[in-house]
Amino acid sequence: MKKKLPFIFAISCSAVFLCICGFLAFQYRNLDRRFQKLEAEAFHLQEDKAELNEELEDSAARLEDREKYIAGQKDYISELSEQIQDFDEDETEDSEHTDRTGKDGIYAGSNTGNDPYPDLYADKDNLPVQTGQKYVYLTFDDGPSSLTPKVLDLLDEYDAHATFFVVGKNNEEYAEYLSEIVERGHTLALHSYSHNYNQIYRSVDAFLADYEKVYDWVYEETGYSPCLFRFPGGSTNGSSYVVRNIIREMERRGFTFYDWNVSSGDGSNLTTSQNIIDNICSTVGYVDNPVVLMHDGRGKDATLAALPTVLKTLSEKGYDFRSLDQNSEPVQYRKSEP
Ligand SMILES: [Zn+2]
């Protein structure tokens with residue numbers, strides 16, 4: 001019996017050891033399963049978190065777009081308010097003028113044979129009167145720039161014609177696009193050489209000297225003699241006395257000027273592409289003879305980005321995109337006579 005004791009003890013120890021091992025193995029399997037389950041849950045939570053983050057980022061981006069849009073609309077509203085103020089303002093005349101305009105309002109260069117700006121005369125364009133009911137005039141100011149050829153390509157896609165009111169100063173390197181504007185069937189028109197309000201609205205003389213410079217530039221580059229122009233900032237800019245005399249003198253030289261009755265609002269750098277699309281597409285339908293102000297000068301990327309949607313939306317609504325010519329009905333805030 002004594003001899004069997006160690007044997008029994010060893011068997012018991014082994015049995016206990018095996019039991020412990022079995023228990024531990026069982027626990028290990030349990031723990032492993034729980035661990036795997038937790039791992040799967042953690043993975044799902046991670047996925048959910050990533051999705052939530054994405055949604056959060058999307059919402060933040062939408063909010064930012066919305067805020068930019070609202071800032072753009074606010075700016076557009078203040079632009080329109082300024083225009084209304086310009087209309088309402090008491091037009092007190094500045095009688096201390098320093099140009100050659102006499103008391104009768106006639107500019108001294110007129111018909112005296114002593115014209116200091118002999119080049120600055122417009123030819124008659126003799127274009128046929130455009131027919132059709134539903135039309136819109138898209139106009140692009142302040143170019144040419146690196147954006148101009150892209151604008152021209154987009155217009156071609158929709159068989160659209162437009163009017164480009166060009167500026168000379170700082171745009172000389174893009175002079176090659178002037179001919180392209182003409183060759184691709186658009187109207188090339190003048191918008192001053194310097195675009196410097198303080199300079200050009202000082203007097204009729206200052207205006208004519210500046211315009212002869214841009215006229216000569218366009219004529220030398222293209223052989224085309226423009227007959228339309230737009231005042232920088234519109235005809236409500238400058239003193240009404242000087243501007244009326246400018247209008248009288250430019251009309252005597254054969255030029256017609258165009259303001260606009262639909263603004264894209266793209267003059268402001270706060271304007272987003274969505275602002276531009278909405279400002280144009282929601283207004284054109286309410287205006288007779290719509291002339292839309294846009295810009296293709298440097299930095300107007302928002303306008304370029306908006307243009308495909310503007311062209312698509314308006315062409316789906318049945319609009320014909322026309323370029324302005326001497327037969328087009330003028331849109332003018334100021335006239336030569338008060
Ligand atoms: Zn301009």
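No lab work stands behind these numbers, since they all come straight from the coordinates. What you are looking at is a predicted structure, and each value in this text was computed from that prediction instead of being measured. Neighbour counts run over all protein chains shown; Cβ positions are idealised from the backbone, glycine included.
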Taking r as the C-beta separation of Asp216 and Lys68 and R0 as 56 Å, the FRET efficiency to the nearest 0.05 is 0.85
Give me the angle, in degrees from 0 to 90, between the Cα long axis of helix 148-157 and the longest principal axis of the Cα atoms of the chain, rounded to the nearest 10. 80
Value of [θ]222 nm, deg cm²/dmol, for the chain, DSSP H segments ≥ 4, -39500 (n - 2.57) each, nearest 500: -17000 deg cm²/dmol
Per the charge dipole of the chain (beta-carbon charges, Lys/Arg positive, Asp/Glu negative, Cα centre), the residue among Phe321, Leu5, Leu63 reaching farthest to the positive end is Leu5
Give the lysines whose C-alpha is closer than 29 Å to that of Lys37, dropping any in the same chain fewer than 8 places away, or say none. Lys49
Using 0.36 nm per residue, how much length does the chain from Lys124 to Leu270 gain when fully extended, once their Cα-Cα distance is taken away? 48.6 nm
Relative contact order for the range 133-322: what percent, with Cα pairs under 8 Å and sequence separation of 6 or more? 31
Say the cut-off is 23 Å between C-alpha atoms; which of Lys124/Lys150; Lys169/Lys300; Lys74/Lys169 go over it? Lys124/Lys150; Lys74/Lys169
As straight-line cross-link partners of Lys312, the qualifying aspartates and glutamates (C-alpha separation under 20 Å, not fewer than 8 residues apart within one chain) are Asp153, Asp156, Glu157, Asp159, Asp266, Asp278, Asp296, Asp301, Asp320
Express in whole angstrom the spacing between the alpha-carbon centres of the range 235-276 and the range 212-227. 20
Using the Cα centre of the range 133-322 as origin and beta-carbon charges of +1 (Lys, Arg) and -1 (Asp, Glu), tell me which of Gly143, Asn279, Trp217 is placed farthest towards the positive end of the dipole. Asn279
Rel. contact order, % - alpha carbon contacts under 8 angstrom, at least six apart, the chain: 24
Net length gained if the chain between Arg298 and Ser336 were fully extended (0.36 nm per residue, minus Cα distance): 10.5 nm
Mind jotting down the distance between the C-alpha centroids of the range 181-199 and the range 21-82, whole Å? 52
For helix 4-88, report the angle its Cα long axis makes with the longest principal axis of the Cα atoms of the chain; keep it between 0 and 90° and round to the nearest 10°. 10
Hey, rough spin-label estimate for Asp115 and Ala61, points 7 angstrom out along Cα→Cβ, what's it come to in nanometres? 5.8
Between the range 312-329 and the range 138-160, how many Å separate their Cα centres? 14
Residue-ordered couplings for the range 240-246, obtained by feeding phi - 60° into the Karplus form 6.51 cos²θ - 1.76 cosθ + 1.60 and rounding to whole Hz (Gly and Pro as x), are 5, 4, 5, 5, 4, 5, 4
Which of Ala42, Ala122, Ala209 fluctuates most in a GNM of the chain (C-alpha springs under 10 Å)? That residue is Ala42
Identify which of Ser282, Ser264, Ser179 has the largest mean-square fluctuation in a Gaussian network model of the chain, with springs joining Cα atoms closer than 10 Å. Ser282
